[in-house]
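Here's the structure we're looking at; comments come further down.
Nothing in this text is a laboratory measurement; each read-out follows from the coordinates by a stated rule. Since we're looking at a predicted model, the values are computed, not measured. FYI the Cβ positions are ideal-geometry reconstructions off the backbone, even for glycines, and counts take in every protein chain you see.
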Amino acid sequence: MTTTTTALREAAPEASNTAYAATESVTSREGRHGPLPTGRARTIALLSLFLASTMELLDTTVVNVALPTIEAGLKASATQLQWMVAAYPLAFALGLITGSRLGDLFGRKRVFLAGLVGFTVTSAACGFAPNAELLVAFRALQGLAAAAMIPQVLSSLQVMYRPEERAKAMGMFTGLAGLSAVLGPVLGGVLTEVDVAGLGWRSIFLINVPFGVLAIVAALRWVPESVAAVAPRIDVGGVLVLAAGLFAVLYPLTLGRELGWPTWVYAAMAAGVVVLAGFVRAQLRAERAGREPLVALSLYRGRGFAAGTVLNAVLFMAMASYFLCQTIYLQAGLGWSVLKAGLAGMPFALTTTVFAGLAVAVLAPRIGRRVLQLGAITWAAGAGLMAVTVHGADAATSVWAFLPAFLVSGAGFGLMVSPIGVFALADVPVTKAGSASGLFSTTGQLAGAAGVAAVGSVFFSVVESNASRVPVDMFRPAFQVALGLLVVLLLVGAVVARALPANAPQEGAPAAH
């Protein structure tokens, strides 16, 4: 502890002055270029950003394992449970592009701090929510706050690292994202079961408050400020059209099952698709006319960014829906406690950690895009093992019976989650850092929300259509169907990965400016 404190004191002048000046000169409105922050200053700034990111990323999945407890405590319906999971990534996705623009315009550090404060406050609101409706609303507000915060992390990484270094930095971030998402259910299970200070499930949100304050203090001192070389335009109309189109698709998709799929549900989704198509046309016209669009679709001309973004969407859709269905199956189907269901995910988390590091540091430089294909196929094999295990499982089945499936699935997930950022964002020019990071994250978060809505609807439909009232018999086929959909998604991902550049960008190689 003493050594750490001393190091921070020694680095403070460098972090607060040199790092600020260097990044500001790189991305000032005049576009002047100067030396990038290096050494200890950049490391401390990176750790400050990652502290906030980890807190946010954990919150994406931490609620999953506590859903049955929340259901009992707040008398929540199945649809409300889906929205407790989906409201956060949906609001996050809707706000990401605007959040990245605000950072480019007003300063990434300033907007990062505003989002971090908002995230901390809304976390407290979630923790004290008196009913299911308000918890869903506060989760949505939490997502909007995160949308202001996270793009600044990604944009700052693009700015703080030279183009030839960015691949490794982005690999670290995507690896952290995957690991945090995996650890979310574990942390949620421990906090809910231990029942800290009698708070129960509320502690999964309230724990963000002290860590949020710590992240705010760290960011105030060490995160460098930067702005875009050219002040971007905030297209309020475009934001509203995009939000309306996405909401028109995702809201009825989530609500339709409970309402019996009336005609208006399909009409609303069709209208949403039409609105989104109109939005895309408007963005293309803006680019052709030389105006700055809300979504820089020209980024998709880059092979790595286009294929990487699609693969990232597949990964997030698979991840979000898998964790939701698995958690409900283990608790509602097998009758496991919150803690047991959370800790059951530890083998998945451990193999994810090991194979994420192996993928980005060893395999991606050696076998290129094949590491992503290997990951997709490995996770699909793990899902197959899980389906076989589930087929013969009942309330008396030991957690050890699930160990092979967890280990193989975690290895596959780890092989995928780190290299995606390496392939997709390493060659993005600094001038497009905000747009690229916003698009990349938006696609993933939207896919996660869509995965929860679509696969969750199928899962609950199978549960409700089952004639048996025995929990394990009701939830077994539902989880097996979800696993089948997961395998299909992963095989699609393996095919998409073939469109990526054959080899991973290497440090020292020429990069776009």
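Taking neighbour Cβ counts within 10 Å as the exposure measure, how do Tyr300, Tyr322, Tyr251, Tyr161 sort from fewest upward? The partial results should precede the final answer.
Working: Tyr300 14, Tyr322 26, Tyr251 18, Tyr161 22.
Exposure proxy ranking, most exposed first: Tyr300, Tyr251, Tyr161, Tyr322.
Using a basic spin-label model with each label point 7 Å from the Cα along Cα→Cβ, how many nm lie between Ser461 and Ala499?
Placing both labels 7 Å beyond Cα along the Cβ direction yields 2.7 nm.
Treat the count of other C-beta atoms within 10 Å as a stand-in for reagent exposure and order Glu225, Glu193 from fewest to most. It would help to have the intermediate numbers written out before the result.
Values: Glu225 16, Glu193 20.
Lowest count first: Glu225, Glu193.
Roughly what would the spin-label model give for Asp473 and Arg233, points 7 Å off Cα along C-beta, in nm?
About 6.4 nm separates the two model spin labels.
For region 236-293, what is the convex hull (Cα atoms) projected area averaged across all directions, in square nanometres? Numbers along the way, then the final one.
Values: hull surface 15.3 nm².
One quarter of the hull surface, i.e. the mean projection, equals 3.8 nm².
For Val495, what is the net charge nearby, where nearby means another residue's Cβ is under 14 Å from its Cβ and Lys, Arg count +1, Asp, Glu -1?
With Lys, Arg at +1 and Asp, Glu at -1, the net is +3.
I need the per residue convex hull volume for region 313-457, using only the alpha carbons, in cubic angstrom as a whole number.
Measuring per residue, one finds 109 Å³ for the Cα hull of region 313-457.
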